[in-house]
Every structure is written in C-alpha cells, then in structure tokens.
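Contents: one structure, followed by commentary.
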Amino acid sequence: MRTTYCGLVSEALMGQTVTLMGWAHRRRDHGGVIFIDLRDREGLVQVVFDPDRAESFKTAEGVRNEFCLKVTGVVRARPAGTENAGLTSGKIEVLGHTLEVLNPSVTPPFQLDDENLSETTRLTHRVLDLRRPYMQRNLMLRYRVAMEARKFLDEHGFVDIETPMLTKSTPEGARDYLVPSRVHDGQFFALPQSPQLFKQLLMVAGFDRYYQITKCFRDEDLRADRQPEFTQIDIETSFLTEQEIRDMFEGMIRHVFMKALNVDLGAYPVMKYADAMHLYGSDKPDLRVKLQFTELTDVMKDVDFKVFSTPATTKGGRVVALRVPGGGAMSRGEIDAYTEFVKIYGAKGLAWIKVNDVAAGRDGLQSPIVKNLHDAALTEILKRTEAQNGDLIFFGADKAKIVNDAIGALRLKVGHSEFGKKAGLFEDRWAPLWVVDFPMFEYDEDEDRWNAVHHPFTAPKDGHEDLMDTDPGACVAKAYDMVLNGWELGGGSIRIHRAEVQSKVFSALKITPEDAQVKFGFLLDALQYGAPPHGGLAFGLDRLVTLMTKADSIRDVIAFPKTQRAQCLLTGAPSLVDEKQLRELHIRLRNPQAGQPPAAT
C-alpha cells in the first residue's frame, strides 16, 4: 500500500509516483491551492492539491489536523525560494493525484507543534503526545541504542536469557512491589528490583556471558531520573577481571554512541571514590563543571568561629571551600539565593568571602565572617584555594554528608548557571568517567549497624577480606560505576563466589546464618557447586537515552511513563479493584477508600 515513508521522500525520487500514508500535520489553503504537510514517524513531506483534480481537491478541502490519510502523487521540485533546509524532503513536494481519508479525527486537545504543553496534558493524552516529532525522535533513538547494544553483546558472545518477573522478596536496598498469590493464601511474590541473584545463578549454571534488556521495579520516591518501573541493560560474565569488564563495557558504550549519534566519547578518566568525594562531594561528579572543593577541615580546628571549628573538631565533620573565579561580581541578592538553595540539602547557611585584593590580606577581603578568622587561617584559605582578585569563596561546614550534598549541589548550580557559562566554568562536552574502589560498607547511625553500599554479594578488594572483621569502614569493594555528565549510567562489581568470604560479609552486616538462608538460601546453595569467579554491571537504558536526547526527564524517553506520584494519567492506574478480586486474594483493606467496602477475608 505504501511505497515509502513521508520523511524519506527526497530528490532521489524526483519524477516518481509515490504512495504515502500518515497524518495531516497541518493544512493550508492558499487561494485555490491546498497544501497538506503529511507526517509519519520519519518526518514530514509537503503535498500539493490543485483544482485540476477536482475529486482529490474536494477531499483535501475537508481535511483537518490529525486526519489519517493515504496520498498518491508525483514527486517534483519545490518552486525556487520555498525550499526547507531543515527537512529531508525540503527541496521537493508531492503533487497529489488521489487522496483518501483512512480515518478522520476529532479536534485534538492540543496542537502537536505546541512547545508549551504541561506534562499533565502530555501524559493524559500520551497517544497524541507520542505523535509529536520530538517524542518520535526520542523513541526511535531508544530503539537504535537498544539494537546497537544487542549487536555489540552478540558479537562478544553474550546470550540473551530471560529471568522471572514473579520472584521472592529479597532485601536489595529499595521497597519491593508485592504481588499477592491467589493460590498460596497469605503469600506474596515480588517484582524484581533487578535480576541480580538470577544472573549470578546463570553464571553458576555455566552461561558465562549473559545479558538481558529488562524491566526492573522499585517502590521508591520518584524524581526526574527515576520511575517505579525502569529498563536495564543487565550483564554478567564469568572468568574476567574487574579491569577486563570495565574495558569491555566502556567499549560497548563507545560503540552505542558512535553508531546511534556519531559521537566519539573520547578518553575515560578513572577516579577513586575517595577522590571523587574529596574533590566534588559526589560519587558521580559532572566533570564539565570546572569547580572543585578545597579541604579546610584541618585549618579550621582552632578558629574562634564555632560554625567552622565545631565540625572541624567533631568526628564525621567537614569544612570545605568552593572558589568561584570571577564570582566577586555576584550581587548580595544572588548570594542570598544560593544560601536558600543549599538549605534544601540540610545546610544551615552559606558563609562566603569576596576577594577584592589578595595582596592586601585581611583588608582585601569582604565578608561578615572575616573578623572571626585569624590571620593564619585566612592566609591558608587564600593559598589553598589559589584565590585571585575578583573571586568569591563559598564555605560548607557541617557533617560530611551535609557538606558533600549541599556544596556539591551548589557547585553544579553555579557551574550550570548563565554566570557559570559566561565565566567559562562550564565546558559543553561529553564527560565520561569511571568511579572505582567504592567502600564495601556504610554505617547507619540510626540502626547502629553497617549496610552494604551496593549489595551483600559484592567482592572486597584482594587483601581486604580480614578488614570486614576488624574495620569494615576501611574495606574497599571491587565495585565500579560509569558516570556521564554527572549521571550514573551504570554500575556493577565483581561478585563473591567463595563461601568463606560471603560468610565474613554477612557477619559484618549482622546477618545470621539462619537469616541468610531464609533470604538468600537458593543462591548460597547454588554457590557451593563450583561457582566460577564472575562479575557484571547494569546500565540504565532510560538514563542513557535521556542523556543522548538531552531531555529534561526520563519520562520523555519512555513510551508510557508514570508521574512523580507513580500514577499513569493515560490509563488511570493504579485504581480500585472490586470486592470479588480482593476476596479471591484473601485481602481485606484496613482503610478502604470512599465507596470501596472492605473485602471479606
């Protein structure tokens, strides 16, 4: 029926008869000549109808936006001066011979080229939103990315194997989505947060190179880069070292970017986790921003200013500076706005110093806090930050986590601002990075226990096994994250494959042998049968495509996403179910919603 796509009609088809199908993007009546921009997934083509063909012209007069049409016509050159360089079909048009309305459309709730649509409108009318060229390009790119990943993995001997969607609830760091079993009264399946345990089982089973592009589910609070269901490129392999795994999958991402975007990502620097936190306060630093922390904790221990000296002398406290070159030009109002911004991250305020004249020492500094700092401290601040005339120095002083979060966010806020870009503090480029040597454990003060930073099956660095007994906080993992432009693209680790090492991890996490058997028994049992050394990682497909399209949210690269309240505005999910369904599942609602009586047990 169709000879080619609208967006692929070009000069190569000049003089040929083509049959096209698509939607009326826009109709224009120019006094006896009717133009219809016909649209499909590949783009637009201009179709012209003139009165010489009375039947098709009359049909064209009745066409409105979003009518589904079939057009047959001849490709010809556009009149001189009317070309559109932005379209593949920009130098040609189709002279319509026949026109058939395959299906009319009611008036759409919005124009598809309206760039000021609210997200609520877009998600409520998602089918029409998906017709927009912006969304069509995004989802077509997502398809190409997935295909290029599959090609790479296939060429390197990886096998696509599905793992269960209904499985056992296991502690993996987030809240599970639970599915009640009708057959087994009072028991529940869980939707997988990741295929982690099953892919390790596949390694034990001898499928030494596994991958899967699969859905994962986490019932957690949402934001721009999170969804309750998301897609991973999940990978596991046996008999490769940490370095070999990183090299291979750096190659995969390079391949995907080159094939899908024709972009060479360039060099991948490698940074230790400790260095990332020291310099940027983040384990996924955006290296496009040319600002770094300056450590001042030791300098501030003996100053009279309690805001600085208290955290400097308290275990777990930290004091840092963030020098902003040229920032002295900022107004007090701009500084006050940044002060309010860091409070979002738990900071109590934001101290600052404007450097007017370095050579004048104390007299060349402008700030309410200068009088509270002795000369030696001020001298060291200027020396360590390498401050120049006209600079602004921000300070963070509190618990290390608050300082890292607040000043790390401030670093990005300043760097990405108009000021930051004009001052050369931001470099518009692709900035990939490997972050390695993550800590094995993090301490939870509220529960007085150690938790696994990644998951309990992450292997420690060679020689760190005994630290799990004596000093868990010093134990470093064979874990690695790939970061791009400040987003974590993916992460993974070498896994534990020996029982004695796994036992030490469980002991550090205060998981008894009995609890371990209940929670992970099926994996632990399998690991006894000659489990090979193995490791892997998972990439977030949604995040990857979001970065590649420069979209504001992963919702712009998912066909049917949820809102930040985990709702689908298109279908109305989640929704109430009737009493019969609840009764079959042996479920009674404690606090039924209005109009929904509690089900009988």
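The values are calculated or read from the model by the stated rules, or taken from the named source; none is laboratory data. Here the structure is a predicted model, which means the values were calculated and not measured. Reconstructed Cβ throughout: ideal geometry from the backbone, glycine too, with neighbour counts over all protein chains shown. Ligands, DNA and RNA are stripped out before the accessible areas are found, and what is left, the full protein with its side chains, is counted by its heavy atoms. Shrake-Rupley method; radii C 1.70, N 1.55, O 1.52, S 1.80 Å.
Express the accessible area of the chain per residue in Å², computed with a 1.4 Å probe while the remaining protein chains stay in the model.
About 49 Å² of surface per residue is accessible.
For the stretch 136-280, what is the Kirkwood hydrodynamic radius in Å, using each pair of distinct C-alpha atoms?
17.8 Å is the Kirkwood radius here.
For the stretch 270-351, what is the largest minus smallest coordinate of the Cα atoms on each principal axis, given in angstrom and ordered from greatest to least?
That works out to 38, 34, 24 Å along the principal axes.
Beyond 23 Å, what share of the Cα-Cα pairs of the stretch 361-466 is found? Please give it as a whole percent.
Of all Cα-Cα pairs in the stretch 361-466, 56 percent lie more than 23 Å apart.
Please work out the ratio of the alpha-carbon Rg of the stretch 425-551 to 2.2 N^0.38 Å and round it to two decimals.
After normalising by residue count via 2.2 N^0.38 Å, the value is 1.24.
Quick one: dipole size for the stretch 103-185, taken about the Cα centre, charges +1 on Lys/Arg Cβ and -1 on Asp/Glu Cβ, in debye to the nearest 20.
For the stretch 103-185, the charge dipole is close to 160 debye.
Computing the accessible area with a 1.4 Å probe over protein heavy atoms, can you report the carbon and sulfur percentage for the chain?
Roughly 50 percent of what the probe reaches on the chain is carbon or sulfur.
Based only on the alpha carbon positions, what is the Kirkwood hydrodynamic radius of the stretch 305-353, in angstrom?
It works out to 12.3 Å.
What value, in deg cm²/dmol to 500, does the helix sum -39500 (n - 2.57) over DSSP H runs of n ≥ 4 give at 222 nm once divided by the residues of the chain?
When only DSSP H runs of four or more count, the value is -8500 deg cm²/dmol.
Would you mind counting up the charge near Pro51? Only other residues with Cβ under 13 Å from its Cβ, with Lys and Arg at +1 and Asp and Glu at -1.
-3
Find the relative contact order for the chain and round it to a whole percent, using C-alpha pairs within less than 8 Å whose residues are 6+ positions apart.
13
Compute the long axis of helix 513-527 from its Cα atoms, compare it with the longest principal axis of the Cα atoms of the chain, and write down the angle in degrees, 0 to 90, nearest 10.
So the helix axis and the longest Cα principal axis differ by about 60 degrees.
Quote the charge dipole size of the chain about the Cα centre in Debye, to the nearest 20; the model charges only the Cβ of Lys and Arg (+1) and of Asp and Glu (-1).
1340
Only loop residues by DSSP count here, and only those with at most 13 other Cβ atoms within 10 Å; note down the trypsin sites (Lys or Arg not before Pro) in the stretch 320-389 that meet that.
Lys348
When the solvent-accessible surface of protein heavy atoms is calculated with a 1.4 angstrom probe, in what order do Asp405, Asp176, Asp302 fall, highest first?
Asp302, Asp405, Asp176
How do Leu166, Leu544 stack up against each other in accessible area, from largest to smallest, with a 1.4 angstrom probe?
Leu166, Leu544
Just how many pairs of Lys in the stretch 459-591 have C-alpha atoms closer than 23 Å, counting pairs that are eight or more places apart or on different chains?
8
Once the cut-off is 30 Å, how many percent of the Cα-Cα pairs in the chain end up in the long-distance tail?
That fraction is 66 percent.
Would you work out which of Thr98, Phe110, Leu130 lies farthest towards the positive end of the dipole of the stretch 92-143? Charges go on Cβ: Lys and Arg +1, Asp and Glu -1.
Leu130
Sorted by average packing, counted as other Cβ atoms within 10 angstrom per residue and highest first, what order do 424-437, 105-118 take?
Going by the mean number of other Cβ atoms within 10 Å, highest first, we get 424-437, 105-118.
Just name one of Tyr480, Thr546, Phe522: the one whose Cα is farthest towards the positive end of the charge dipole of the stretch 441-572 (beta-carbon charges, Lys/Arg +1, Asp/Glu -1).
Going by the charge dipole, the pick is Thr546.
Between Asp298 and Glu119, what is the FRET efficiency for a Förster distance of 41 Å, r being their Cβ-Cβ separation, to the nearest 0.05?
0.30
Report ³J(HN,Hα) in whole Hz for each residue of the stretch 75-91, in order, from the Karplus equation J = 6.51 cos²θ - 1.76 cosθ + 1.60 where θ = phi - 60°; Gly and Pro get x.
Couplings: 7, 9, 6, 6, x, 3, x, 10, 5, 10, 5, x, 10, 4, 8, x, 9 Hz.
Kirkwood hydrodynamic radius of the stretch 201-271 from all distinct Cα pairs, in Å?
Result for the stretch 201-271, one decimal place: 14.9 Å.
Where the only charges are on Cβ atoms (+1 Lys, Arg; -1 Asp, Glu), what is the dipole of the stretch 166-287 about its Cα centre, to the nearest 20 debye?
Magnitude of the dipole: close to 280 debye.
Among Leu392, Ile369, Phe308, flag the residue with its Cα farthest along the positive direction of the charge dipole of the stretch 303-409, charges on Cβ as +1 for Lys/Arg and -1 for Asp/Glu.
Phe308
To the nearest µm²/s, what D does Stokes-Einstein give for the stretch 462-510 at 4 °C and 1.567 mPa s, using the Kirkwood radius over alpha carbon pairs as Rh?
Here the translational diffusion coefficient equals 105 µm²/s.
Need one word for the stretch 114-219: rounded, prolate or oblate. Basis is the Cα gyration tensor (sqrt eigenvalues a ≥ b ≥ c); a/c below 1.5 gives rounded, then a/b vs b/c decides.
oblate
Indicate the gyration tensor shape class of the stretch 56-142 (rounded, prolate or oblate), computed on the Cα atoms with a ≥ b ≥ c the square roots of the eigenvalues: a/c under 1.5 is rounded; otherwise a/b larger than b/c is prolate and the rest oblate.
In terms of gyration-tensor shape, oblate.
Under a cut-off of 21 Å between alpha-carbon atoms, report the lysines in cross-link reach of Lys383, not counting same-chain residues fewer than 8 places apart.
Within reach: Lys290, Lys301, Lys354, Lys371.
Using only the Cα atoms of the stretch 251-405, what semi-axes does the equivalent ellipsoid have when each is the square root of 5 times a gyration tensor eigenvalue? Give whole Å, largest first.
Ellipsoid semi-axes (Å, largest first): 33, 19, 15.
Excluding residues on the same chain fewer than 8 positions from Lys401, give the aspartates and glutamates whose Cα lies under 13 Å from its Cα.
List returned: Asp283, Glu442, Asp444, Glu445.
Name the long-range amide H neighbours of Arg495: under 5 Å, sequence gap of 5 or more, or other chain; modelled H, no Pro or chain starts.
The list, which skips near neighbours in sequence, is Ala459, His534, Gly535, Gly536.
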